[in-house]
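*Asks:* Have a look at the structure that comes next, please.
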Amino acid sequence: MPGKIHVNTTINGEATEFLCEPRQTLLECLRDTLNLTGTKEGCGDGNCGSCTVVMDGRIVTSCLVLGVEAAGARIDTIEGMARGNQLHPLQQSFLEHAALQCGICTPGFLLAARELLENEPDPSEERIRWFLANNLCRCTGYDKIVRAVQDAAKQMREAKA
Amino acid sequence: MSTNYRVIGTRPIRHDGADKVTGRALYGADINLAGMLHGYVLRSPHAHAIIKRIDTAKARALDGVKAVVTAADFPVTPDRIVDLGEGETPLSCIRGNVLASGKVLYRGHAVAAVAAINTHIAEEAVKLIEVEYEVLPAVLTAPEAMAEGASILHDTLKTKELGEQTGRVSNVAEHFRHTMGDVAKGFADATVIVERTFDTATVHQGYIEPHNATALWNNDGRVHVWCSTQGSFVVRDTIACVLDLPVSQVKVTPMEIGGGFGGKIPVYLEPVAALLSKMSGRPVKIVMSRKDVFEGSGPTPGSHTRVKMGVNAEGKITAAEATLAFEAGAYPGAMVGPAAMTVFAAYDVANVTIDGYDVVVNKPSTAAYRAPGAPNAAFATEQVVDEIAEKLGMDPIDLRLKNAAKEGTRRADGPKFRKIGCVEVLQAMKASEHYRSELGGPNRGRGVAVGFWFNVGLPSSVTISVNADGTVNLVEGSTDIGGTRTSIAMQAAEVLGITAEQVRPTVVDTDSVGFTGVTGGSRTTFATGMAAYEAAQDVVRQMKERAAKIWETTADAVALDAGVFSHEGKQFTFAELAEKLGSTGGPVVGRGAVNPRGAGGSFAGVVVDVEVDPETGKTTILRFTSVQDAGKAIHPSYVEGQMQGGSVQGIGWALNEEYYMNTEGTMTNSSLLDYRMPTALDLPMIETIIVEVPNPSHPFGVRGVGEANIVPPTPAIANALYRALGGGVRLTRLPMNPPAVMRAVWSKAN
Ligand code: FES
Ligand code: FES
């Protein structure tokens, strides 16, 4: 059995270190080692998006990233999305639009949507659907998710203006 | 109660919202206990085989392995019939599906399990378990399984024929029949008769969260289980049966659940984790992989249906006949009963015969999936009705309206409808802007269909305790899959005259609340809502007594209106009185425990526009409207959400989803890449029209809304495709994927 590897990384802005086996995924390290269970596992093979996190400014499915790859990287997870007591406009909008039912897909959708809106403040419906097509939701039929993203985008634009 | 509601019909933010958008909500797989081991399940590589020998020695010897379990570790008790809320089932079938004994009956059937210090070691250990199989021929469809000389799954399964035990061993668990009137005469009176057969493939509920279970067999002999389930009490009772324990020895804590749709009613991992914990003396967690979910949990039956209907020249349906053969999977209990109850439920027909066959095949044991059985049946009936409308030159909604079931209409399976909203749903479809809009352009078509689900009652318990600040805590046992904490809290708030936010609902474990049935059958807002209503009434009664005590009058003389208690000009708000409970006799706790009848069935309808690409066979949904009778929509956003979610599952079922089985009985598309569920990009917005025909059996008129919405989408899309292809050819098998559409295009060309 190979020994464990010491990984130095940054998670939600905080310097973090952990030990992992070479075969462990980032998802496993986040959930089982660091107890950051807000990142979910729906498939383990990159096809549902519920394990979405942001790595060095890009969204990745953390089930397809190895724990050791976090070394030196900046990882953002759902646990870091709210600013203190202040929900992110997307989080607030998801609540107001009832854009979650069971909620298992929600962390992944929120991070993916934030990535979209940070780069494209005024995306079309088609563009939102395209960007979120990596994330599966089986409960909502996506209607309210798309509306929540549209509304959050509007509010974020207005807040900037 | 007046119908000027203050809370009901509004859209408050759900109580568990902040937890769920911040990642704080704890789902089943999120639990992490001190000293916890991780389990892994060995599954059968064969669809049908005798287990000759299992040798676990090498697995046990692996470093880090703490326990190994097989069916031989189950307690030995005589077989008996148990009813755990999903109908009567032999205990041997429940146990046999948890861990195979003697035979494996489907690829993915659990055979053994290991607990180790981490999942990777447990997985390695499972590979070291040696199993010797004698492979048997597999039967994968109902027609194959029913054929003369078919390979037999259970040599103890004797066919029940029209209510009688035949003593004949076969793969047909049961053949039943519902009859009403005289079908031969009904068809003789018909001027147009249409008869067709329809097939649907096995599909999965597709919840995003895989099954999971964590168990601790404590030193006092009590078993504590944490899991994602639709019904914590059903899990408790099933574990107790399988492990031969009194129910009082088992406690189940329902964690947040990442979707169920019926598929998280059965128990798979829980007894296995419990046994592994007993052997190792440590808590054990098992989580299914996505492949395990497809191969080892319960999908919905594949089905084979023949429907024949006749109408007279005035467009009145004179006779209807159906034969439904459903694939139960490895153990009896295909949802053919509900299919038979719903197949003609939308219509008032005097002469009906319905035959149902429950057939075992070498596929996973099927489970409920949103209105189980009804979409399979409606796919047939609603296409036949569409074809009749075309032959008569009638508008398809007008034909349905002419024959629609109403209060007093009797169904062939017995019940007479009480107040229902079939006509109102059809009228709303007809009046919709969507139905009246023009659909121009080539390769496009519009389809409509209706569907019915009967909904259920079942027991529910709620307690409400009043806090000194005028808020209340509501304790319930219904796991919340889609906002039911809030729809239940709102009903209590309405009675108490406080806001939804002033009610704090909590879903608790099986030690902490009275028995509560599954979150299923569209019952939670109806039945647990009713328990909350009763509990709130109990609180009101006690609060009035307290006010009466202070005002030196009788409780009857105290009025409650809009949250204000009053008597002869004296007043207390709910909060003012709540503050005085300590000095007037102590805490107030209200309770509600119900087992209601009259769940009040729900009808749903769909109007859909599609466009077909004749080069590739790809179907695009251009516009989709879902209409449903909610009785009374407590929280309209979550009612719309149910309608949209059910609609999109129906769209996936119609156009893509299918278990691709090879001839050996292996599912060849057991990943979310290859089992393709709809993504955001595949869909338009899903328009909703909520119809409200109050259910007379519920204080606010609620009908469950979770299920009926998945019934009409597949036939509505089929009817739309028929027109998009220019008529002349019907798609009679699900899914209607691009190859199926291309075959239809080519068959027309020839
Ligand atoms: S768990 Fe990573 S994409 Fe599904
Ligand atoms: S809300 Fe359940 S999967 Fe999206």
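The values are calculated or read from the model by the stated rules, or taken from the named source; none is laboratory data. Just so it is clear, the model here is predicted, and its values are computed rather than measured. No Cβ is skipped: glycine too gets one built from the backbone with ideal geometry, and neighbour counts run over all protein chains shown. Note: areas computed on protein heavy atoms with side chains; ligands, DNA, RNA excluded. Shrake-Rupley method; radii C 1.70, N 1.55, O 1.52, S 1.80 Å.
*Asks:* Among the residues of the stretch A:48-71, count how many are within 16 Å of ligand 2 (Cβ to nearest atom) and either surrounded by fewer than 21 Cβ atoms within 10 Å (Cβ to Cβ) or at pLDDT below 95 (or both).
*Replies:* Counting residues in the stretch A:48-71 that are within 16 Å of ligand 2 (Cβ to nearest atom) and either surrounded by fewer than 21 Cβ atoms within 10 Å (Cβ to Cβ) or at pLDDT below 95 (or both) gives 0.
*Asks:* Taking the options A:GLN155, A:GLN150, name whichever one is within 11 Å of chain B (Cβ to nearest Cβ), of a type in the set (S, T, N, Q) and either more than 19 Å from A:SER62 (Cβ to Cβ) or more than 16 Å from ligand 1 (Cβ to nearest atom) (or both).
*Replies:* A:GLN150
*Asks:* Restricting attention to the stretch B:179-213, and to residues there that are polar (S, T, N, Q) and either more than 19 Å from A:ARG138 (Cα to Cα) or in contact with a His (Cβ under 6 Å, 6 or more places away or on another chain) (or both), which single residue is farthest from ligand 2 (Cβ to nearest atom)? Reasoning before the result, please.
*Replies:* Just the residues of the stretch B:179-213 that are polar (S, T, N, Q), to begin with: B:179, B:191, B:197, B:200, B:202, B:205, B:212.
Restricting the remaining residues to those that are either more than 19 Å from A:ARG138 (Cα to Cα) or in contact with a His (Cβ under 6 Å, 6 or more places away or on another chain) (or both) gives B:179, B:191, B:197, B:200.
Working: B:THR179: 42, B:THR191: 48, B:THR197: 35, B:THR200: 24 Å.
Applying the filter and picking the extreme gives B:THR191.
*Asks:* On to the next question. What are the pairs with Cβ atoms under 7 angstrom where one residue, in the stretch A:34-63, is over 21 Å from A:ARG129 (Cα atoms) and more than 7 Å from every other protein chain (Cβ to nearest Cβ) and the other, located anywhere, is of a type in the set (Asp, Glu) and near ligand 1 (Cβ under 7 Å from one of its atoms)? Sequence gap at least six, or different chains.
*Replies:* A:CYS63/A:GLU41; A:CYS63/A:ASP45
*Asks:* Of all residues in the stretch A:89-113, which are more than 11 Å from ligand 2 (Cβ to nearest atom) and either under 22 Å from A:CYS43 (Cα atoms) or open to solvent by 10 Å² or more (accessible area, probe 1.4 Å) (or both)?
*Replies:* The answer is A:PRO89, A:GLN92, A:LEU95, A:GLU96, A:HIS97, A:LEU110, A:LEU111, A:ALA112, A:ALA113.
*Asks:* For the stretch B:42-54, does any single residue satisfy the condition of being within 14 Å of chain A (Cβ to nearest Cβ), open to solvent by 10 Å² or more (accessible area, probe 1.4 Å) and modelled with pLDDT of 95 or more?
*Replies:* Among the residues of the stretch B:42-54, not one is within 14 Å of chain A (Cβ to nearest Cβ), open to solvent by 10 Å² or more (accessible area, probe 1.4 Å) and modelled with pLDDT of 95 or more, which makes the answer no.
*Asks:* Let me ask something else about it. Condition (residue is part of a loop (DSSP other than H, G, I, E, B), open to solvent by 50 Å² or more (accessible area, probe 1.4 Å), modelled with pLDDT of 95 or more and more than 16 Å from ligand 1 (Cβ to nearest atom)) applied to the stretch A:128-143: is it met by at least one residue?
*Replies:* No, the conditions are met nowhere in the stretch A:128-143.
*Asks:* Right, here's the next one. Which strands (runs of 3 or more DSSP E) sit wholly inside the stretch B:201-318 and have at least 2 residues that are under 23 Å from B:SER512 (Cα atoms) and within 14 Å of chain A (Cβ to nearest Cβ)?
*Replies:* B:212-217
*Asks:* Could I ask something else about it? Please go through the stretch B:83-109 and pick out each residue that is open to solvent by less than 10 Å² (accessible area, probe 1.4 Å) and assigned to a strand (DSSP E or B).
*Replies:* B:VAL104
*Asks:* Anything in the stretch B:334-357 that is under 19 Å from the mean Cα position of the chain (by Cα), crowded, with 24+ Cβ neighbours inside 10 Å and not in a loop (DSSP other than H, G, I, E, B)? List them, or say none.
*Replies:* Of everything in the stretch B:334-357, those that are under 19 Å from the mean Cα position of the chain (by Cα), crowded, with 24+ Cβ neighbours inside 10 Å and not in a loop (DSSP other than H, G, I, E, B) turn out to be B:VAL336, B:ALA339, B:ALA340, B:MET341, B:THR342.
*Asks:* Hey, can you tell me all the residues within the stretch A:71-110 that are in a loop (DSSP other than H, G, I, E, B), more than 8 Å from chain B (Cβ to nearest Cβ), on the phi < 0 side of the Ramachandran plot and more than 15 Å from the chain's Cα centre (by Cα)?
*Replies:* Result: A:ALA71, A:ALA73, A:ASN85, A:ALA99.
*Asks:* In the set A:ASN8, A:ASN85, which member is free of Cβ contacts under 8 Å to residues at least 24 places away in the same chain, open to solvent by 20 Å² or more (accessible area, probe 1.4 Å) and away from ligand 2 (no atom under 16 Å from the Cβ)?
*Replies:* A:ASN85
*Asks:* If you go through the stretch B:2-58 one residue at a time, how many are of a type outside the set (Gly, Ala, Ser) and within 30 Å of A:LEU95 (Cα to Cα)?
*Replies:* 23
*Asks:* Look at the stretch B:11-37 and say how many of its residues are under 25 Å from B:ALA215 (Cβ atoms), within 11 Å of chain A (Cβ to nearest Cβ) and open to solvent by 30 Å² or more (accessible area, probe 1.4 Å).
*Replies:* 4
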